[in-house]
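Engineer: Dumping the structure here so I can ask a few things about it.
The values are calculated or read from the model by the stated rules, or taken from the named source; none is laboratory data. Just so it is clear, the structure is predicted and the values come from calculations on it, not from any experiment. Cβ: placed from backbone, ideal geometry, glycine included. Neighbour counts: every protein chain shown. These accessible areas exclude ligands, DNA and RNA; they are computed on the full protein's heavy atoms, side chains included. Shrake-Rupley method; radii C 1.70, N 1.55, O 1.52, S 1.80 Å.
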Amino acid sequence: VHTMEIKLPYSCVSATGQIKMDSLLNLFQDAAAVQCRDLGISGFDLAIKNLKWVVSRYQIRISSTPAWLDTLVLKTWRRPWKNLYELRNFSVTDKRGRELIEALGVWVMIRAKDSKPVRLTPHLPGDLMDPASNAPDLWTNDHDMAGFDHQTRFKIRYHDLDLNQHVNNSVYLKWAMEAMPAEFIFDYFPRKLVISYLKESFYPDMVVSRIKIHRENNVLTSFHTILHAQDNSKLARLTIVWEQRRCHANV
């Protein structure tokens, strides 16, 4: 288990005083990257072998949102699954040990030249392949959007790219949330998120973010599809469950 303690910086706080969801993904990636470096399997280590890590999936449950300068303990740990996937768990607690956020990420190792997945065993030390892991509890995210309620276009920027020179995983979540109507984005906060990454995207293409919204009582569920603007190929699919905010303070 890799552990890091942070004070939530001002740059990670949204207009409603809660942690930005894309900043949360960046914190996850930072923690995972440090542990991978310590294990000798970082993106830089894989690049020497013409390999790279890509994120296939995130699922996140938020029990309580941290505030600016809160002391947070972020833990992450890894395990292999089916010799194809790297499962990575995340836990964010306050300094008293109360869990605020828990998440699961699924990583895939691919060849840099053609983006084809490879098996883990030829490229990871043997001690990182034990023990064999049971199948994770994967939440449903298989909606087929028949029509949509809202649509927004985005141009991929240079600063949306990561070291793999494709759009970083946190940007897809930003596109999804940026397309939400103002009356929802200010009055609701995410409690549960599932993100499936389907295809890479690159600078300077255009993308389309589409949303279908279902609202029942004080719970809102938004179904998102991120598409390539030119050929309508699906780049990512997201399901976000929101709860109505009680006030404009911490929840």
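Engineer: In a strand (DSSP E or B) and open to solvent by 70 Å² or more (accessible area, probe 1.4 Å) - does that describe any residue in region 92-105?
Structural biologist: So far as region 92-105 goes, yes, one or more of its residues are in a strand (DSSP E or B) and open to solvent by 70 Å² or more (accessible area, probe 1.4 Å).
Engineer: Would you mind listing the strands (runs of 3 or more DSSP E) fully within region 133-221 where at least 3 residues are more than 18 Å from the chain's Cα centre (by Cα) and surrounded by fewer than 19 Cβ atoms within 10 Å (Cβ to Cβ)?
Structural biologist: Those strands (runs of 3 or more DSSP E) span 150-155, 206-216.
Engineer: OK, next. Between residues in region 123-147 that are free of Cβ contacts under 8 Å to residues at least 60 places away in the same chain and residues that are of a type in the set (D, E, K, R) and surrounded by 14 or more Cβ atoms within 10 Å (Cβ to Cβ), which pairs lie under 7 Å by C-beta distance while being six or more apart or on different chains?
Structural biologist: S133/R79
Engineer: Name the residues in region 117-144 that are more than 23 Å from R61 (Cα to Cα) and hydrophobic (A, V, I, L, M, F, W, C), would you?
Structural biologist: Matches in region 117-144: V118, L120, L124, L128, M129, A132.
Engineer: Answer yes or no as to whether Y172 is of a type in the set (S, T, Y) and either touching a Gly at 6+ places or on another chain (Cβ under 8 Å) or at pLDDT 95 or above (or both).
Structural biologist: yes
Engineer: Still on this structure, please answer the following. When you scan region 222-251, how many residues do you find that are open to solvent by 30 Å² or more (accessible area, probe 1.4 Å), touching a residue at least 12 places away in the same chain (Cβ under 8 Å) and under 19 Å from Y188 (Cα atoms)?
Structural biologist: Result for region 222-251: 7.
Engineer: Still on this structure: Are there any pairs with C-beta distances below 8 angstrom linking a residue in region 180-193 that is farther than 17 Å from F148 by Cβ to a residue that is of a type in the set (V, I, T) and outside any strand (DSSP E or B), with the two at least 6 apart or on different chains, and if so which?
Structural biologist: Hits for this filter: F186/T16; F189/T16; F189/T65; F189/V251.
Engineer: Quick check on region 1-45: of everything there that is in contact (Cβ under 8 Å) with a residue 12 or more places away in the chain and hydroxyl-bearing (S, T, Y), which residue is farthest from I185 (Cα to Cα)?
Structural biologist: Filtering region 1-45 for residues that are in contact (Cβ under 8 Å) with a residue 12 or more places away in the chain and hydroxyl-bearing (S, T, Y), the one farthest from I185 (Cα to Cα) comes out as T3.
Engineer: Within region 115-132, which residues are open to solvent by 60 Å² or more (accessible area, probe 1.4 Å) and in a loop (DSSP other than H, G, I, E, B)?
Structural biologist: Result: K116, R119, T121, P122, D130, P131, A132.
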